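The values are calculated or read from the model by the stated rules, or taken from the named source; none is laboratory data. Source: prediction; values computed, not measured. Because the Cβ atoms are built from the backbone with ideal geometry, glycine has one as well, and the counts that use them run over all protein chains shown. What goes into the accessible areas is simple: the full protein's heavy atoms, side chains included, and nothing from ligands, DNA or RNA. Shrake-Rupley method; radii C 1.70, N 1.55, O 1.52, S 1.80 Å.
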Amino acid sequence: VSTTMAGAASAADPGPARLLQALAPNSIRRPRISPVYLVSLWLVTALCLLVPLIYFGLIAGIVWLEYLFYTEWGLSDWAGHMPAKATILVFLLYLVPGIFGGVLVLFLLKPLFAPRSPPPVTYPIDAAKESEFVAAVRALCKAMNIRPPAQIRLSNDVNASVHFERGLLGLFTGRKVLTIGLPIVAGLNARQLVGVLAHEFGHFAQSGGMRCSFLINTVNRWLHSRAYVEDAWDRILRETIEEEEEFLPKVLPSLLLACLSCTRLLMRGLFVLSFRMSRRLSQQMEFDADRYGATVAGSDTIREISLRVRGLIVAWHQSRMKNAAAWQEGRLVDDLADAVRLRLQSFDAREWDGIALELQGAHTTEYWDTHPADQERIENAERLRAPGLFPDDRPAAGLFSDFGVLSRRITMLYYKDAQFPVSPSRMIDAQK
């Protein structure tokens, strides 16, 4: 009897996941795509793909010049007429271009082989335990008429994203991965979180546009990482210079680091060229994705989401600092997402006013921005006057079967991957 009564109560008051599953397939219309936009999209993609070709062409050009120098431009024709004392000079004239060209090619090839920073750690969702949420995500994708993600993964970051599975392979297979930061779930209500997910899936609603965007972003990320982000080789050389006390042992690593700096200047130039061509397109794609978020969650919700996410980022940083301080005493918080939620709830009026003031001031899209300014995005969404298809303001945690258990499990996995010694005696409640 009790089981029957519980089922009747659940049917009378379905949770957020069940409500999301009720979205009708193809109920979210796609915005019209202009022919000019499509032509611009493919043109920009082609130009951005030319940038790496310029880079590889430069390397090939240097190798070709080296080949010509030693096969057709050699000094043998006039070296025999030089005095014997000039033999060393001739030898140097032969040797120096080869060494210089070889070193230059080596350092130009270095960005292809130097180890990269590891990607953020994420964890697969247990589809059996979270079957309701998985079904809800699939229903949202059907409503948007797009292929649902092949994987759903979780992280401890204040972020949500959808990307192709396995990089270039996913570009051809179309398989996607949805990654959800648990602090986002802890800090938003169901309507807001579903609006965020609709925005992320909105990028894939235009399959051709997303593939172009993937290629452009792959090029830009690679150029940016090689131009601005220190890699393992850079760290080894810098640490060697800092550890050596005598001058002579520092000479070679200093010269090598200077050569690396020169290649970075080249990569920065290519990055600026590629970025300048693609940034307007990237901004337009964000506007298009925002339309899906507004259609699902409502136009008036976009401003709330922007404010709330900014607050979550502040709370996330503060919670990490408190957790780092606790670790100095051998303790760690048992639930990172809950710590962020509690910190967000503790914000007073002054703190919220400061965050709102920052949001209000974000009205100008700067030269380097890949995303439009928040105020521009908010105004664009509000002009749609979309009432929203999913008006559920209950906590987003209700989309999951037991969010507290899930969040603590992901926190423990994160600690283990970071090689923190975890045990029940070291754990401290987020409230404390």
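Numbers at a glance
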| read-out | value |
| --- | --- |
| Residue within the stretch 161-175 that is modelled with pLDDT of 95 or more and in contact with a strand residue (DSSP E or B) (Cβ under 7 Å, 6 or more places away or on another chain) present | no |
| Counted residues, the stretch 40-71 - those being among the β-branched types (V, I, T) and either closer than 15 Å to S282 by Cβ or open to solvent by less than 40 Å² (accessible area, probe 1.4 Å) (or both) | 5 |
| Selection count where residues are open to solvent by 40 Å² or more (accessible area, probe 1.4 Å) and assigned to a loop (DSSP other than H, G, I, E, B), scope the stretch 15-33 | 9 |
| Members of the stretch 128-156 found to be part of a loop (DSSP other than H, G, I, E, B) and over 19 Å from G404 (Cβ atoms), listed by number | M144, N145, I146, R147, P148, P149, A150 |
| Candidate set from the stretch 328-342 (those that are of a type in the set (D, E, K, R) and under 15 Å from A396 (Cα atoms)); member that is least open to solvent (accessible area, probe 1.4 Å) | D338 |
| Pair list, Cβ < 7 Å and 6+ apart or interchain, from the stretch 275-289 residues that are within 12 Å of S40 (Cα to Cα) to residues that are hydrophobic (A, V, I, L, M, F, W, C) and open to solvent by less than 20 Å² (accessible area, probe 1.4 Å) | M277/C48; S278/C48; S278/I216; L281/L41 |
| Sole residue being among the aliphatic types (A, V, I, L, M), surrounded by fewer than 18 Cβ atoms within 10 Å (Cβ to Cβ) and within 21 Å of I59 (Cα to Cα), chosen from L252, L273, L223 | L273 |
| Selection from the stretch 245-304 of residues that are hydroxyl-bearing (S, T, Y), touching a Leu at 6+ places or on another chain (Cβ under 9 Å) and part of a helix (DSSP H, G or I) | S254, T263, S274, S278, T295 |
| Test: residue in the stretch 88-102 that is modelled with pLDDT of 65 or more, in a helix (DSSP H, G or I) and within 30 Å of E130 (Cα to Cα) | no |
| Output for the stretch 306-318, where each listed residue is open to solvent by 20 Å² or more (accessible area, probe 1.4 Å) and out of contact with any Pro (no Cβ under 8 Å at 6 or more places or on another chain) | S306, L307, R308, V309, R310, I313, V314, H317, Q318 |
| L237 vs. criteria aliphatic (A, V, I, L, M) and open to solvent by 60 Å² or more (accessible area, probe 1.4 Å) | no |
| Subset of the stretch 127-137 [within 23 Å of the chain's Cα centre (by Cα) and open to solvent by 20 Å² or more (accessible area, probe 1.4 Å)] | V134 |
| Residue in the stretch 185-201 that is modelled with pLDDT of 90 or more and not in a helix (DSSP H, G or I) present | yes |
| From the options M427, M412, residue that is open to solvent by less than 40 Å² (accessible area, probe 1.4 Å) and either over 19 Å from A136 (Cα atoms) or more than 25 Å from the chain's Cα centre (by Cα) (or both) | M427 |
| Filtered residues of the stretch 106-129 (kept if at pLDDT 70 or above and basic (K, R)) | K110, K129 |
| Residues that are modelled with pLDDT of 80 or more and among the β-branched types (V, I, T), drawn from the stretch 52-79 | I54, I59, I62, V63 |
| Residue satisfying all of: in the stretch 359-388; part of a loop (DSSP other than H, G, I, E, B) and at pLDDT 85 or above; most open to solvent (accessible area, probe 1.4 Å) among these | R385 |
| Flag if A289 is at pLDDT 95 or above and in contact with a helix residue (DSSP H, G or I) (Cβ under 7 Å, 6 or more places away or on another chain) | no |
| Failed item in (1) in contact (Cβ under 8 Å) with a residue 24 or more places away in the chain; (2) under 30 Å from H317 (Cβ atoms), with R235 passing the rest | (1) |
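Yes/no matrix, rows are residues, columns are (1) more than 19 Å from A297 (Cβ to Cβ); (2) crowded, with 17+ Cβ neighbours inside 10 Å; (3) out of contact with any helix residue (DSSP H, G or I) (no Cβ under 8 Å at 6 or more places or on another chain):
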site: A150; (1), (2), (3): yes, no, yes
site: S155; (1), (2), (3): yes, yes, no
site: K176; (1), (2), (3): yes, yes, no
site: G187; (1), (2), (3): no, yes, no
site: V194; (1), (2), (3): no, yes, no
site: A198; (1), (2), (3): no, yes, no
site: I216; (1), (2), (3): yes, yes, no
